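Structure first, then comments.
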Amino acid sequence: MAQADHELRPKSSHGRNRNDSVSQAVSGKSRDFQSQLAAGQVTASLGPIHWLLGIEVTHDCDTHTISLCQSSFIDTILACFSLADAKPYGTPMVPSTSYSKHDSPSSPADIACMRNVPYCEAIGSLMYIAIATRPDISFAVSCLSQFLENLGEAHWQAVKRVFHYLAGMWDQALTYGTEQHELQGYTDADGASQEHRHVISGYTFIIDGGVVSWSSQK
């Protein structure tokens with residue numbers, strides 16, 4: 001389930017007034033909370049947040065938007081897996097391709113060879129990106145995480161394809177405020193595309209142009 005791209009564009013006066021009102025209300029509550037917190041212990045205000053757990057937080061006062069991006073973290077893991085110069089791919093997975101246990105090695109020699117592949121580390125890094133800011137790779141990561149115990153060469157190549165995709169889309173961000181609308185939700189399910197025939201369900205919820213909750217799992 002891919003995230004739709006949203007362009008930054010000027011707000012209408014109605015949307016701007018709404019954002020201003022919300023910002024003032026949130027700011028007032030924040031000051032009240034800080035005052036109550038400071039009454040019980042020593043505190044210090046560090047100003048607006050810019051980084052959180054490897055996620056860059058960007059505030060654009062002109063367009064009244066907030067963006068979350070993991071471009072620096074993606075650069076780091078690409079270098080970690082020697083893929084800093086990877087050729088960008090347009091999709092995180094090959095369309096209409098499915099992976100199964102038949103792609104796993106069967107001989108002791110092949111199994112021993114695949115044990116040296118940093119598959120678990122790669123899936124862990126991709127999972128953090130998928131959970132934090134990139135719903136566009138959620139389906140691919142969910143599918144490939146099924147083979148942690150007995151991965152094959154096909155699975156490893158599929159993981160590297162996700163990295164190649166991120167190499168070309170490393171600076172994509174979740175941006176909130178490009179549109180003005182209430183909570184919107186989308187969901188879908190597929191029970192026939194994978195070998196296990198378990199239903200794979202996915203959902204996405206969007207507020208004001210940005211995704212706030214998403215999932216893809218069987």
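The values are calculated or read from the model by the stated rules, or taken from the named source; none is laboratory data. Fair warning: this is a prediction, and the values are worked out from it, not measured in the lab. No Cβ is skipped: glycine too gets one built from the backbone with ideal geometry, and neighbour counts run over all protein chains shown.
Checked against the criterion of being of a type outside the set (Ser, Thr, Tyr), part of a loop (DSSP other than H, G, I, E, B), crowded, with 18+ Cβ neighbours inside 10 Å and in contact with a Pro (Cβ under 9 Å, 6 or more places away or on another chain), the candidates Leu174, Leu151 yield just one match: Leu151.
Here is a yes/no grid of residues against (1) under 20 Å from Ile123 (Cα atoms); (2) at pLDDT 90 or above; (3) loosely packed, with under 14 Cβ neighbours inside 10 Å:
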| site | (1), (2), (3) |
| --- | --- |
| Leu166 | yes, yes, no |
| His181 | no, no, yes |
| Tyr186 | no, yes, yes |
| Gly191 | no, no, yes |
| Gly210 | no, no, no |
| Ser216 | yes, no, no |
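Among the listed residues Ala158, Ala140, Ala130, Ala167, which satisfies the condition of being of a type in the set (A, V, I, L, M), out of contact with any strand residue (DSSP E or B) (no Cβ under 6 Å at 6 or more places or on another chain) and under 18 Å from Asp190 (Cα atoms)? Before you say what the answer is, go through the steps one by one.
Working: Ala158 fails: under 18 Å from Asp190 (Cα atoms); Ala130 fails: under 18 Å from Asp190 (Cα atoms); Ala167 fails: under 18 Å from Asp190 (Cα atoms).
Selected residue: Ala140, the only one of Ala158, Ala140, Ala130, Ala167 that is of a type in the set (A, V, I, L, M), out of contact with any strand residue (DSSP E or B) (no Cβ under 6 Å at 6 or more places or on another chain) and under 18 Å from Asp190 (Cα atoms).
A residue that is at pLDDT 90 or above, in contact with a Gly (Cβ under 8 Å, 6 or more places away or on another chain), over 30 Å from Cys143 (Cα atoms) and outside the structural domain of Asn150 (by TED's automatic domain parsing) occurs somewhere in the stretch 66-87.
Ser125 - would you say it is of a type in the set (S, T, N, Q), in a helix (DSSP H, G or I), crowded, with 18+ Cβ neighbours inside 10 Å and at pLDDT 95 or above? Yes, satisfied.
Taking the listed residues Ser107, Ser98, the one that is assigned by TED's automatic domain parsing to the domain that holds Phe147, among the hydroxyl-bearing types (Ser, Thr, Tyr), loosely packed, with under 12 Cβ neighbours inside 10 Å and at pLDDT below 95 is Ser107, with no other qualifying. Kindly evaluate Ser100 against the criterion of being small (Gly, Ala, Ser) and closer than 18 Å to Trp170 by Cβ. Here the answer is no, as Ser100 does not meet what is asked.
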